[in-house]
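Participant: Here you go, one structure.
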Amino acid sequence: MKLPKTTFILILLALGLGSFVYFYEIKEKNQQTQIKAQKQKIFSFSANDVQSLTIKIKDTTLQLEKRNTSEKPQWEIKSPILGLANDAIVSYLMNLLTDSKIERIISILPTELPEFGLDKPLATIDVKLKNQESHQLILGKADFNNQFLYAQTDPNQNLNLLLVSKDFFNAVNRDISEWKQIEEKTNIQPLPSLPQPTPTK
């Protein structure tokens, strides 16, 4: 049976439209997945973008600055003591800042900040980038399951409440001495040699 020309054209149009919708939805879905993945990160900068860190916890303010050398960037402690920083400890914090994901986002009112411990935070991390941009992470109290911390990023720009990993508090809640690079002891005195027994006749 031969289909009328108009029916054949309509079938072709329907197939074309179906293909367009199918591929458009797949592409759109992939883009939304990428956007969602980007939004899940706390910050969008990389570790290489960071120039300095200021960590305020309890009554202590720790200032760290990156010193670019010909080999690999080295972190220095600028305050409250001077010296090279422990690279492993700083790297641990940097990995959290650049790779950690947001567990949940909640919209709150400014008057609700004290409920989550953000009026008197556990710690505040200020990040300054090489391009002079500044970012801030404020760590509040733990959630009711004691699995995550309430937090806020760049509070002057948004009032969203975040749930972030408790590892952030573990990363900054350290004694100042832990932040300092351990100096290798190089002047170890050799052990005195034992007197040789005199040969017997």
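The values are calculated or read from the model by the stated rules, or taken from the named source; none is laboratory data. Being a predicted model, the structure only gives us computed values, none of them experimental. All Cβ positions, even for glycine, are placed from backbone atoms using ideal geometry, and neighbour counts span all protein chains on display. In case anyone asks, the SASA skips ligands and DNA or RNA and just uses the protein heavy atoms, side chains included. Shrake-Rupley method; radii C 1.70, N 1.55, O 1.52, S 1.80 Å.
Participant: If I ignore ligands, DNA and RNA and count only protein heavy atoms, how much of E133 is accessible to a 1.4 Å probe, in Å² to the nearest 10?
Facilitator: 90 Å²
Participant: Students sometimes get this wrong: rank D59, D154 by accessible area, probe 1.4 Å, all chains present, largest first.
Facilitator: Largest to smallest exposure gives the sequence D59, D154.
Participant: Can you give me the Kirkwood hydrodynamic radius for region 68-136, using every pair of distinct Cα atoms, in Å to one decimal?
Facilitator: One over the average 1/r among Cα pairs gives 15.3 Å for region 68-136.
Participant: Within the set K78/K128; K56/K128; K66/K141; K56/K78; K41/K180, which residue pairs have Cα atoms separated by over 23 Å?
Facilitator: Pairs exceeding the cut-off: K66/K141; K41/K180.
Participant: Same structure again: Hey, quick one: spin label on T61, modelled 7 Å out along Cα-Cβ, who in region 94-128 has an amide N within reach, i.e. under 20 Å?
Facilitator: Counting only backbone N, you get 118-128.
Participant: Also, quick follow-up: What's the carbon and sulfur percent of region 54-177's accessible surface, probe 1.4 angstrom, rounded to a whole number?
Facilitator: Answer for region 54-177: carbon and sulfur cover 46 percent of the accessible area.
Participant: Can you list the residues, at least 5 places off or on another chain, whose amide H is less than 5 Å from the amide H of W75, using H built in the peptide plane?
Facilitator: Those lying under 5 Å, H to H, from W75 are R67, A85.
Participant: Estimate the FRET efficiency between E115 and K78 by the formula 1/(1 + (r/R0)^6), using the beta-carbon distance for r and 45 Å for R0, to the nearest 0.05.
Facilitator: 0.80
Participant: How much accessible surface area, in Å² rounded to 10, belongs to the heavy atoms of T153 with a 1.4 Å probe?
Facilitator: Its accessible surface works out to 20 Å², give or take rounding.
Participant: Further, regarding this structure: Using a 1.4 Å probe and ignoring any ligands, DNA or RNA, find the accessible area of F168 and quote it in Å² to the nearest 10.
Facilitator: Near enough 0 Å² of accessible area.
Participant: To the nearest 20 debye, what is the magnitude of the charge dipole of region 102-190 about its Cα centre, counting +1 on the Cβ of each Lys and Arg and -1 on the Cβ of each Asp and Glu?
Facilitator: Roughly 140 debye for region 102-190.
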